[in-house]
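Participant: First the structure, which I've put down as structure tokens, then a few questions once you've had a look.
What follows draws every value from the coordinates through simple rules; no lab data is involved. What you are looking at is a predicted structure, and each value in this text was computed from that prediction instead of being measured. Methodologically, a virtual Cβ is constructed for each residue, glycine included, from the backbone with ideal geometry; neighbour enumeration extends over all protein chains shown.
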Amino acid sequence: MHYQASAFYVTILDMTDNKPYQNNQPFRKGEKFLEELRKSQQHLKESDTEFDQAFEIINRNPTRVTIFGSARSVEYNQPYLAKAEQLAAKLAQAGFAIVSGGGPGIMQAANKGAFEAGGKSIGLNIKLPFEQSPNPYTTDEMTFRYFFTRKVALSFYSQAYVYFPGGFGTLDELFEIITLIQTKKVPKLPVILMGSDYWSDIDKFVHQHMLKTGTISEGDERIYTIVDSVDEAVQIIVNEYNK
């Protein structure tokens with residue numbers, strides 16, 4: 001298991017009952033800081049309940065593919081919403097449960113595709129003061145308070161990870177999985193980036209800066225695969241699973 005549960009993951013939202021700090025200024029000293037520290041430590045203990053509930057869902061759905069992507073239905077994402085829906089439907093028909101972050105945008109499209117194909121559709125939502133609300137296309141769902149418990153549940157023993165265009169959260173989830181595979185904390189599984197027009201600049205940075213300067217090793221740049229075709233993504237996942 002790769003909890004990676006540290007104080008780093010007890011985010012601002014976690015420590016303030018789902019309310020952002022005023023002016024985004026954290027408490028760094030004094031009695032208020034100690035009060036927040038004690039509260040945060042108690043919240044970490046309470047996170048065990050979230051893990052227990054999440055693992056119940058995971059155990060009910062042992063064969064899973066996790067699909068990540070933006071919560072925002074911006075114009076750029078419109079073609080990708082259709083692809084996420086198509087991909088999830090085909091994977092569901094192939095016997096995979098589809099896991100998403102349970103919110104709108106790409107996440108909803110993935111859940112919708114699996115749901116309407118008659119498959120298992122899991123939504124692992126997060127309480128936020130903006131942007132995120134559960135979508136209606138799930139057969140199993142949970143709303144988390146803590147980002148770190150949700151991240152574990154999203155990635156825990158999935159058979160593959162697919163990343164559609166997204167923001168900082170999607171990049172965070174992508175590079176965590178890449179790092180876990182790179183450091184051999186988890187098995188090498190398919191990590192698929194959907195959309196060369198979106199991911200090619202990141203791939204270029206990996207090759208021209210990280211690999212060239214030696215900050216990653218030869219072969220690390222092959223942990224992920226960039227595709228544009230739904231059928232290609234399905235083939236990669238199914239072939240790897242059937243090995």
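Participant: How many nm is it between the label spots at Lys127 and Glu232, if each spot is 7 Å from the Cα in line with the beta carbon?
Facilitator: For Lys127 paired with Glu232, the spin-label model returns 4.2 nm.
Participant: I want to check the label-to-label distance for Glu46 and Tyr76. Put each point 7 Å from Cα in the C-beta direction and report it in nm to one decimal.
Facilitator: Here the answer is 3.6 nm between the modelled labels.
Participant: Follow-up. Treating only the Cβ of Lys, Arg, Asp and Glu as charged (+1, +1, -1, -1), what charge dipole size does segment 38-197 show about its Cα centre? Round to the nearest 20 debye. Provide the component values of the computation, followed by the final result.
Facilitator: Details: 17 positive and 15 negative charges, 70 e Å.
Roughly 340 debye, rounded to the nearest 20.
Participant: In nm, what is the difference between 0.36 nm times the number of residues separating Thr215 and Lys184 and their Cα-Cα distance? Please report the intermediate quantities before stating the final value.
Facilitator: Working: separation 31, 0.36 × 31 = 11.16 nm, distance 1.69 nm.
Result: 9.5 nm gained on full extension.
Participant: What is the packing order of peptides 203-215, 51-63, taking the mean over residues of other C-beta atoms within 10 Å and listing the highest first? Let's see the in-between values first.
Facilitator: Values: 203-215: 11.8, 51-63: 14.0.
Highest to lowest by the protection proxy: 51-63, 203-215.
Participant: Which shape class, rounded, prolate or oblate, goes with segment 204-243 when its Cα gyration tensor gives a ≥ b ≥ c as root eigenvalues, a/c under 1.5 marks rounded, and past that a/b bigger than b/c marks prolate?
Facilitator: Working: a/c = 6.84, a/b = 2.16, b/c = 3.17.
Because a/c hits 1.5 or more and a/b fails to exceed b/c, segment 204-243 counts as oblate.
Participant: Quick one: which residues, 5 or more positions from Phe68 or on another chain, have an amide H under 5 Å from its amide H? H modelled 1.01 Å from N in the peptide plane, none for Pro or chain starts.
Facilitator: Val162, Tyr163, Phe164
Participant: Considering the Cα trace of segment 43-150, what is its radius of gyration and what is Dmax, both in angstroms?
Facilitator: Radius of gyration, then largest Cα-Cα span, for segment 43-150: 13.6, 42 Å.
Participant: Can you tell me which of 101-113, 30-42, 177-189, 150-162 comes out highest on packing, and rank the rest after it, using the mean Cβ neighbours within 10 Å?
Facilitator: On the way: 101-113: 27.5, 30-42: 11.5, 177-189: 14.8, 150-162: 22.0.
The densest-packed peptide leads the list: 101-113, 150-162, 177-189, 30-42.
Participant: Another question, if that's okay. Taking neighbour counts of Cβ atoms within 10 Å as a proxy for exposure, in what order, fewest first, do Val230, Val74 appear?
Facilitator: Numbers: Val230 21, Val74 9.
Placing the least packed residue first, the sequence is Val74, Val230.
Participant: Need one number: convex hull volume per residue for the chain, Cα atoms only, in Å³.
Facilitator: On the way: hull volume 33.4 nm³, N = 243.
Convex hull volume per residue, Cα atoms: 137 Å³.
Participant: Check each of the GluC sites (Glu not before Pro) in segment 195-243 and keep only those in coil by DSSP with at most 15 other C-beta atoms within 10 angstrom; list them in order.
Facilitator: Those that pass, being in a loop and sparsely packed, are Glu218.
Participant: If R0 is 22 Å, what FRET efficiency do you get for Asn239 and Tyr157 from their C-beta distance, rounded to 0.05?
Facilitator: Values: r = 19 Å, r/R0 = 0.86.
Given R0 = 22 Å and the Cβ-Cβ separation, E is 0.70.
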